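The values are calculated or read from the model by the stated rules, or taken from the named source; none is laboratory data. As the structure is a prediction and not an experimental result, all values here were calculated from the model. Using ideal geometry, Cβ is built from the backbone for each residue, glycine included, and neighbour counts are taken over all protein chains shown. These area figures cover heavy atoms from the full protein model, side chains too; ligands, DNA and RNA do not enter into them. Shrake-Rupley method; radii C 1.70, N 1.55, O 1.52, S 1.80 Å.
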Amino acid sequence: MKTKTALFSILIASCVCCCAANSSPPGTNSLALAQGDHWCAIGDSITHGGDWTRFICLYYATRFPEDRFEFFNCGIGGDTAPGAVSRFDWDIAPRKPTFATIMFGVNDSWWEYNKHFQPNDYIEAIKSLVEQLRKLNCRVLLITPPPYDATVQSAAPVDASRQFLPRYVRQLRELARREDIPLLDFYGPMSDMNVKMQAKEPAFSLLSKDRVHPVEAGHFVMAYLLLKQQQVPALVSETVLNAVRKKVLRIQNAEIKDLDLSPDHASFALLEKALPYPVQD
């Protein structure tokens, strides 16, 4: 590498766009995944077939390639919070979760609208799940579900059976506050984004044509919100060299050797301990 200037710096740095700027290592935030964790994502079809958990796993695989944790997708299409309670002993507990996310609501609303559930069945089931997970010494994160998009310009009719979703969100927020349970809000930020974008583009939505299931961009937003709450590091690695002084000024999350510097030449071997997060358009 050659340069005409007497002084130059080489900066190697990458930031993932779906995490917070905080540079805390995993483990300093109780919600962050760490070596040896078993993460159980408990939910319905939005979890079962959704990309948001895959995006999060991809972040950890690229940012902490030396660490290992297990991910178990405990989402089932069409399931409800009471349904998860009924399958806890054979589908969730055997995974030995150390960290669990709980996200339900869309199907629960349908069941209540059709008189199969009572108004408090949803929140009572969430409380039961939290209690059972805590008995396993598992860290728990409650998640409000994505919104039902009744405002997008679409040929799909609005489904009245989803009308109880806002109440579930209020109940979840109140439970989290009262019981001191960490809460991640998908409902509010995604609703706000839809409203803001639809003012310019009425057909825009983070949800698919059925108004329920997030599209890939919606799942990416969900992953961003969770990683932000986990306060995971944004920095991939950084190396700053000064050729005139022939020294390393700064190095983070990387190792350098065989360094040969002069004002017009630089050669070195650099091992970066993480990879940039791959993001599609």
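From Phe99, Phe104, Phe64, grab the single residue that is more than 20 Å from Ser30 (Cβ to Cβ), aromatic (Phe, Trp, Tyr), open to solvent by less than 50 Å² (accessible area, probe 1.4 Å) and within 20 Å of the chain's Cα centre (by Cα).
Phe104
Of all the residues that make up the range 189-204, how many are under 16 Å from Ser154 (Cα atoms) and out of contact with any strand residue (DSSP E or B) (no Cβ under 9 Å at 6 or more places or on another chain)?
9
Can you name the condition, by its number, that Cys40 falls short on among (1) of a type outside the set (Gly, Ala, Ser); (2) surrounded by fewer than 21 Cβ atoms within 10 Å (Cβ to Cβ); (3) in contact with a Cys (Cβ under 6 Å, 6 or more places away or on another chain); (4) within 23 Å of Val212 (Cα to Cα)?
Condition (2) is where Cys40 drops out.
Looking only at the range 107-155, count every residue that is surrounded by 24 or more Cβ atoms within 10 Å (Cβ to Cβ) and at pLDDT below 95 and tell me the total.
The total comes to 0.
In the range 167-181, what residues are within 23 Å of Asn107 (Cα to Cα) and open to solvent by 30 Å² or more (accessible area, probe 1.4 Å)?
Arg167, Arg170, Gln171, Arg173, Glu174
Applying the selection to the range 128-186, what residues are on the phi > 0 side of the Ramachandran plot and without any contact (Cβ under 8 Å) to a residue 12 or more places away in the chain?
Selection gives Asp180 alone.
For the range 72-84, state whether one or more residues are hydroxyl-bearing (Ser, Thr, Tyr), on the phi < 0 side of the Ramachandran plot and outside any loop (DSSP other than H, G, I, E, B). Full working, then the answer.
Within the range 72-84, the first condition is being hydroxyl-bearing (Ser, Thr, Tyr), and the residues that meet it are 80.
Subset that is on the phi < 0 side of the Ramachandran plot: 80.
Retained after the next criterion (residues that are outside any loop (DSSP other than H, G, I, E, B)): none.
Within the range 72-84 (the criterion being hydroxyl-bearing (Ser, Thr, Tyr), on the phi < 0 side of the Ramachandran plot and outside any loop (DSSP other than H, G, I, E, B)), the answer is no, since none of the residues qualifies.
With the requirement that a residue be within 30 Å of the chain's Cα centre (by Cα), free of Cβ contacts under 8 Å to residues at least 60 places away in the same chain and more than 30 Å from Ala217 (Cα to Cα), what does the range 253-281 give you?
Glu255, Leu271
Could you check the range 197-281 for strands (runs of 3 or more DSSP E) lying wholly inside it with 3 or more residues that are over 30 Å from Gly77 (Cα atoms), open to solvent by less than 70 Å² (accessible area, probe 1.4 Å) and of a type in the set (Gly, Ala, Ser)?
On the way: elements: 238-242, 247-252, 254-262, 265-272.
In the range 197-281, 265-272 are the strands (runs of 3 or more DSSP E) which contain 3 or more residues that are over 30 Å from Gly77 (Cα atoms), open to solvent by less than 70 Å² (accessible area, probe 1.4 Å) and of a type in the set (Gly, Ala, Ser).
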